[in-house]
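The values are calculated or read from the model by the stated rules, or taken from the named source; none is laboratory data. If you're wondering where the values come from, they're calculated on a predicted model, not measured in any experiment. Cβ coordinates were reconstructed from backbone atoms using ideal geometry, including for glycine residues, and neighbour counts include every protein chain displayed. What goes into the accessible areas is simple: the full protein's heavy atoms, side chains included, and nothing from ligands, DNA or RNA. Shrake-Rupley method; radii C 1.70, N 1.55, O 1.52, S 1.80 Å.
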Amino acid sequence: MLVFARVVEEGSFSAAARKLGLSKASVSREISNLEQRLGAQLLRRTTRRMSLTEVGEVFHERCQRVVEAAKDAEVSVSQLQEAPRGAIRLAVPMSFGHLQIAPRLPRFLERYPNIQLDVDATDRIVDLVYERVDLSVRIGRPREQSYMQRKLCPIRLLICAAPEYLERRGMPQTPDDLSEHVCLGYTGRAATWRFSTGERIKTTSTLNVNNGDALRQAALVGHGIVYLPSFLLGDDVRSGRLTPLLTQHTRFETNLLAVYPESRHVSPKVRALIDWLVEELGPEPEWDEGLPVMGRDPDPKISSAE
């Protein structure tokens, strides 16, 4: 089939033989054997020209797929044998990138000294193709169906407030009680908090910010209640600066994903980074240790208000 595809591509037995490094007689014999096995004539041959029969046209379409598959196989093998090298453009969420990825990247570069990283920390949705980004780390499933993705680790959520706020305003006992509290939210997002019990509570806030760490800072000074990922709040909960609330209602999680453009071949450098992120962050993230979140046994020393 590969020989037949090359004959059609080159337009003659002689040219195909030169490209394949075979004799013209060998090429002719391969085509004859193929036609005998199929029981059909694929080529019309005269002393001056050669053309495909109707059967040959249909068969040639299938042969082209075989050629592409063979090329893909060769590229895959060669890439696996290559040492990862070159530049990678990586997009990460701002707060998560600052807290959990940036401190770890030197270890990746020590392992792969021939790779250079260009990191964009941003909370906006990055167009990987248009902006020529090799890999994006995202929280939650991407909207773009054409992107490939791989789970890195779970992302769990906590509702928290500072002890001073709770002393002043009291502790909510149920999600419905949140309507009587100051709930800090993200700018431009629907002010509805979802719970593992299926409830959806509409909240109101005097402060909305487009950054999770900024919301955390507002909670720390006692301005209100936040519903944020545990990677942002874990250290504050463990130290007692924030108190987890409604933990039986908030055992909810999403995923941290490595997202990259769809392609037949993932380059060795990008594959190396994805594998390293899986190894470094999953399957159970260290920042959830001892917290009252799904999949983890809470530390008895950490108090929570139910």
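The figures follow:
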read-out: Fluctuation leader among ASN33, ASN114, ASN208 - the chain, Gaussian network, Cα springs under 10 angstrom; value: ASN33
read-out: Candidate values (1) 1.24; (2) 0.95; (3) 1.05, label of the one derived for Rg/Rh (Cα atoms, Kirkwood Rh); value: (1)
read-out: Per residue value of the accessible surface for the chain (all protein chains in place, 1.4 Å probe), Å²; value: 55 Å²
read-out: Cut-off under 5 Å, modelled amide H: who pairs with LEU207 long-range; value: GLY185
read-out: Listed residues THR46, THR122, THR254, most fluctuating in the chain (Gaussian network, C-alpha, under 10 Å); value: THR46
read-out: Under 5 Å, built H, 5+ apart or other chain: amide partners of LEU43; value: THR53
read-out: Those trypsin sites (Lys or Arg not before Pro) in the stretch 167-201 that DSSP places in a loop and that have at most 14 other beta carbons within 10 Å; value: ARG189
read-out: Accessible surface, 1.4 Å probe, highest first, among residues ARG62, ARG18, ARG271; value: ARG18, ARG62, ARG271
read-out: Cα-based Lys proximity count in the chain, under 24 Å, for pairs eight or more positions apart or on separate chains; value: 4
read-out: Note, ³J(HN,Hα) from phi for the stretch 156-173, Karplus 6.51, -1.76, 1.60, rounded to Hz, x at Gly and Pro; value: 9, 10, 9, 9, 9, 8, 6, x, 5, 5, 5, 5, 7, 10, x, 9, x, 9
read-out: Helix-only [θ]222 nm of the chain, DSSP H runs n ≥ 4, -39500 (n - 2.57) each, per residue, nearest 500; value: -11000 deg cm²/dmol
read-out: Residues whose placed amide H lies under 5 Å from that of LEU117, excluding near-sequence neighbours; value: ILE88
read-out: Protection proxy ranking of 86-99, 125-138 - average other beta-carbon atoms within 10 Å, highest first; value: 86-99, 125-138
read-out: For the stretch 12-133, convex hull volume per residue from C-alpha positions, Å³; value: 193 Å³
read-out: Carbon plus sulfur fraction of accessible area for the chain, probe 1.4 Å, in percent; value: 48 percent
read-out: Modelled label reach - GLU286, point 7 Å along Cα→Cβ, the stretch 96-136 residues with backbone N closer than 12 Å; value: 100-101, 103-105, 107
